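Read the figures in this text as sums done on the coordinates, not as results from a lab. This one's a predicted model, so the numbers in the text were calculated from it and none came from an experiment. Cβ atoms come from the backbone with ideal geometry, glycine included; neighbour counts cover every protein chain shown.
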Amino acid sequence: MLRYEEAREKVVSLVSRHRTFPPHETVALEDSLGRILAEQITADRDYPPFDRATRDGFAVRAADVVHVPATLKLMAEVKPGESFAGLVGSGECVRIMTGASLPAGADAVVMDEDTEPKGALVSIKRSVGRGENVVAQGSEARQGARLLDPGHRLGYVEISLLAQVGKVPVEVYRRPRVAILTTGDELVEAGTQPRRTQIRNSNMYSLAAQVRVSGAEPVCLGNVADAAEALRQRIECGLKEELLVVSGGVSVGKYDLVKAALRSLGAEFYFDAVAIRPGRPTVFARCGEKFFFGLPGNPVSTMVAFELFVALAIQLLAGGRAEPLRFLKARLAQPVRTILGLTCFLPARLEGAADEVTVQAVPWQGAGDVVALTQSNCFLVVPDTEAELTAGSWVNVLLRQG
């Protein structure tokens, strides 16, 4: 049985080796949030395109204010979007606003609070060095510099950069389509009144949401009963998409039929269990040219396994990069006991701020307890080598996506 780190490495290695990049499509910049960039972005000019003032004040020659107080002649005023046509000479200055272009001849800006205007003259009370309160032309990026490469996921920062360089619209990869299938005689539609021994199919909705958060388009195939031939046919249908995710039926019980259906279709299995709790009976396989994940049917197990493994595959199939899991460190508020041999991802609540961040496991009744999960905002990660964590110890915390 693989440790979860080993299982993630296997997903990255295999999907990277066999993936086909999706076709490009052009989208409006305002619709590009979360999309994967499909083109290289370069600087269309120097950034900033001129020496830019970073403070309101007076543009001066630093040599003129070595000894203070110094009195300079006020020549003009420059605000953003304008420029001073003249040259700042010795003993002269120009009033300037934040973001404006530094006048020729000036090489520094004295802040307003360090000056005292007196009509056509300005008294400078503090010395400045060359380049002080100025961002030099091209210091952020030179014209033609490579700014973003294909495979970069677009967040609000990247969208700002694209707008800055005039990349409107933008080329992105088409989102991969991910088929979702749930299994189980006990499942009924979410809008149906279940009998006492039935449960509503929440996994279809949570998986579709996780697929969207991960950057793909969900294709919901509904639920299939615990019948071998019906399951086989539905799996064949799902394998027409870029990726198939099935929840339920992947363990070793009498009615866990998913692995047998895959074998009948000639699937190659890479792992069928991972040393985690919840989510241990997770399956990763390849059938023909398509990858497949079989996730446990209990909702919390499904969600954890998706975040650890399926989201990683989607990143790659979408044309992006395999992003590492990012953990936070926090102090444990109360002791936790688990079992050796499995890395545990326990529903937990992160609280506090700055250097007083604490995390506390949320009481839960196992992998089917979605109610407890709604009271959490993260997962407390307990290493497979630890049976007990003491209060006050530093622990790893994994934030939930979405």
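Phi angles of segment 39-51 translate, via the Karplus equation with coefficients 6.51, -1.76, 1.60 and θ = phi - 60°, into HN-Hα couplings of 9, 7, 10, 10, 6, 7, 6, 5, 10, x, x, 7, 5 Hz per residue; Gly and Pro are given as x.
For residue 73, the aspartates and glutamates whose Cα falls under 15 Å of its own Cα, not counting residues fewer than eight places away in the same chain, are 64, 92, 116. Phi-derived couplings, Karplus 6.51 cos²θ - 1.76 cosθ + 1.60 at θ = phi - 60°, listed residue by residue for segment 285-296: 8, 9, 10, x, 9, 10, 8, 9, 10, x, 10, x Hz, with x used for Gly and Pro. Taking a straight line from the alpha carbon of residue 259, these lysines sit under 24 Å away, with near neighbours fewer than eight places off in the same chain left out: 10, 240, 290.
Entry note, segment 52-135: relative contact order of 42 percent, from Cα contacts under 8 Å with a spacing of 6+ residues.
Kindly identify segment 327-399 as rounded, prolate or oblate by the Cα gyration tensor criterion: order the square roots of the eigenvalues as a ≥ b ≥ c, call it rounded if a/c is under 1.5, otherwise compare a/b with b/c, prolate if a/b is larger, else oblate. Verdict is oblate for segment 327-399.
In the chain, helical runs assigned H by DSSP with n ≥ 4 each contribute -39500 (n - 2.57); averaged across all residues and rounded to the nearest 500, the mean residue ellipticity at 222 nm is -5000 deg cm²/dmol.
For segment 216-338, the ratio of Cα radius of gyration to the globular rule of thumb 2.2 N^0.38 Å stands at 1.15. Phi angles across segment 307-316 convert, under the Karplus curve 6.51 cos²θ - 1.76 cosθ + 1.60 with θ = phi - 60°, into 3J(HN,Hα) values of 4, 7, 10, 5, 4, 5, 5, 5, 3, 6 Hz, Gly and Pro given as x. Would segment 161-238 count as rounded, prolate or oblate if I go by the C-alpha gyration tensor, calling it rounded below 1.5 in a/c and otherwise prolate when a/b exceeds b/c, oblate otherwise? Because a/c hits 1.5 or more and a/b fails to exceed b/c, segment 161-238 counts as oblate.
In this calculation the C-beta distance from residue 351 to residue 192 is compared with R0 = 35 Å, giving a FRET efficiency of 0.40. Given their separation in residues at 0.36 nm each and the Cα-Cα distance between them, residue 28 and residue 322 gain 103.3 nm when the chain is fully extended. Annotation: average projected area of the chain is 26.4 square nanometres, based on the convex hull of Cα atoms across all directions. Across the chain, Cα pairs under 8 Å and at least six residues apart give a relative contact order of 16 percent.
Pairs of alpha carbons in segment 148-280 separated by more than 25 Å make up 41% of all such pairs. Around the Cα centre of the chain, unit charges on the Cβ atoms of Lys, Arg, Asp and Glu (plus for the first two, minus for the last two) sum to a dipole of about 760 debye. The slack between residue 271 and residue 205, meaning 0.36 nm per residue of separation minus the straight C-alpha distance, is 21.2 nm.
Between 48, 296, 150, which gets the highest mean-square fluctuation from a Gaussian network model of the chain, Cα cutoff 10 Å? Answer for the Gaussian network model of the chain: 48.
Annotation for residue 82 and residue 9: the two label points, set 7 Å from Cα along the Cα-Cβ direction, are 6.3 nm apart.
Relative to its Kirkwood radius, the Cα radius of gyration of segment 361-402 gives an Rg/Rh of 0.97. Kirkwood-type hydrodynamic radius, segment 52-135: 12.0 Å, calculated from all non-identical alpha-carbon pairs.
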